[in-house]
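The structure appears below as structure tokens.
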Amino acid sequence: MSDFKKRMGMSSEDWNSLMKGKVDLCICRKCPTYRSAIEAGIAHYKRLGPPLEVSVHEKAIGIYFCYYDKSPRVHEDKGCICKTCPVTKQAKLVNNLYCMRGEETRQRGIVDPLAEILGQV
Ligand code: SF4
Ligand code: SF4
């Protein structure tokens, strides 16, 4: 287990299976902050045409900002419901507002050296 994952309090295998295997656990789509960002994106599209930038994981994986990083289209905090999400309990998360502040590891001050080298932080 890498130090990066060890400090998360669980093995990387457990973390990956928890986050990637269960796309239905994340409740961000029900959150006022995310819904507001979606509405702003739709309004932007109607006014100006081209859609705003969207993270790959928002489109393909089922959000999980706590694991994959923040969203380029969320700019206003309207409240966060992460504390009521089952992932918070199962993964022992201690932060929130991941869509704006970045993933759990980033908020804990843990930067994955490989991701940094690859320019993904
Ligand atoms: S803790 Fe928050 S970001 Fe993570 S899966 Fe749950 S709702 Fe989504
Ligand atoms: S990370 Fe928190 S604030 Fe952001 S969309 Fe998910 S539940 Fe809402």
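The values are calculated or read from the model by the stated rules, or taken from the named source; none is laboratory data. Since the structure is predicted, the reported quantities are computational estimates derived from the model, not experimental observations. Please note: Cβ atoms are built from the backbone with ideal geometry, for glycine as well, and neighbour counts cover all protein chains shown.
Taking segment 73-121 as the region of interest, the helices (runs of 4 or more DSSP H) fully inside it that hold 1 or more residues being at pLDDT 80 or above, of a type in the set (S, T, N, Q) and under 25 Å from Gly41 (Cβ atoms) are 104-107.
Of the residues making up segment 60-106, those that are within 9 Å of ligand 2 (Cβ to nearest atom) and among the small types (Gly, Ala, Ser) are Ser71, Gly79.
Among residues of segment 77-88 that are under 15 Å from Tyr67 (Cα atoms) and touching a residue at least 60 places away in the same chain (Cβ under 8 Å), those with a Cβ under 9 angstrom from a residue that is hydroxyl-bearing (Ser, Thr, Tyr) and within 6 Å of ligand 1 (Cβ to nearest atom), sequence gap 6+ or separate chain, pair up as Val87/Tyr64.
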